[in-house]
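Here the structure is laid out as structure tokens; the discussion comes afterwards.
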Amino acid sequence: MTGTRSWLLVLACVGGGLSASSLNAQDGQIYFERSDRDKDGMVSRSEYRSRMIEVFYIADQNRDGVLVMSELADADPMQFDAADQDQDGELSLGEFLDFRKRDFARVDRNHDGMIAPEEM
């Protein structure tokens, strides 16, 4: 897996005991369904943001309010560095959400503000 898709899947798997390399279509569907809070078959920006906040706090293993590379198994160091706006080696919730917001925009190929299963 490469680029945005890999990063999205790694983060979706955090706390689930999966790595991106072990993710299959069924697992992807499960993680999509966890994000689709209103069960309409689409993930809105709001639902995605809520899920990413959840993922952040699940990933924050030592509960210090920031993420470091070691808390994101299989994450691409270059992507981590791109998300780390102040280059302090840590991702604050704000940095994490800013990066996630950009990913949402890239995945939302038809730019309707929703992610459909086929866009993932």
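The values are calculated or read from the model by the stated rules, or taken from the named source; none is laboratory data. The model shown is predicted, which means the values in this text are computed figures rather than measured ones. Using ideal geometry, Cβ is built from the backbone for each residue, glycine included, and neighbour counts are taken over all protein chains shown. Quick note on the areas: whole protein, heavy atoms, side chains included, nothing else; ligands and nucleic acids left out. Shrake-Rupley method; radii C 1.70, N 1.55, O 1.52, S 1.80 Å.
Determine if region 88-97 includes at least one residue that is touching a residue at least 12 places away in the same chain (Cβ under 8 Å) and open to solvent by 70 Å² or more (accessible area, probe 1.4 Å).
Filtering region 88-97 down to residues touching a residue at least 12 places away in the same chain (Cβ under 8 Å) leaves 89-93, 95-97.
Now restrict to residues that are open to solvent by 70 Å² or more (accessible area, probe 1.4 Å): none.
Within region 88-97, none of the residues are touching a residue at least 12 places away in the same chain (Cβ under 8 Å) and open to solvent by 70 Å² or more (accessible area, probe 1.4 Å).
If I go through region 62-109 residue by residue, how many of them are within 16 Å of residue 51 (Cα to Cα) and β-branched (Val, Ile, Thr)?
Residues meeting the conditions: 1.
Which number in (1) surrounded by 17 or more Cβ atoms within 10 Å (Cβ to Cβ); (2) at pLDDT below 90; (3) in contact with a Lys or Arg (Cβ under 8 Å, 6 or more places away or on another chain) marks the one condition that residue 47 misses?
If we test residue 47 against (1) surrounded by 17 or more Cβ atoms within 10 Å (Cβ to Cβ); (2) at pLDDT below 90; (3) in contact with a Lys or Arg (Cβ under 8 Å, 6 or more places away or on another chain), just (2) comes out false.
Considering each of 67, 23 in turn, give the residue that is in contact with a Leu (Cβ under 6 Å, 6 or more places away or on another chain), modelled with pLDDT of 85 or more and not β-branched (Val, Ile, Thr).
Going through 67, 23 in turn, just one is in contact with a Leu (Cβ under 6 Å, 6 or more places away or on another chain), modelled with pLDDT of 85 or more and not β-branched (Val, Ile, Thr): 67.
Within region 99-120, can you find the residues that are touching a strand residue (DSSP E or B) at 6+ places or on another chain (Cβ under 6 Å), open to solvent by 10 Å² or more (accessible area, probe 1.4 Å) and either over 10 Å from residue 42 (Cα atoms) or part of a loop (DSSP other than H, G, I, E, B) (or both)?
107, the sole residue that qualifies.
Can you list the helices (runs of 4 or more DSSP H) found entirely within region 21-93 that contain at least 3 residues being closer than 21 Å to residue 109 by Cα?
Fully inside region 21-93 and qualifying: 25-35, 45-59.
Suppose we filter 76, 98, 86 for residues that are at pLDDT 95 or above and on the phi < 0 side of the Ramachandran plot; which single one remains?
The match here is 86.
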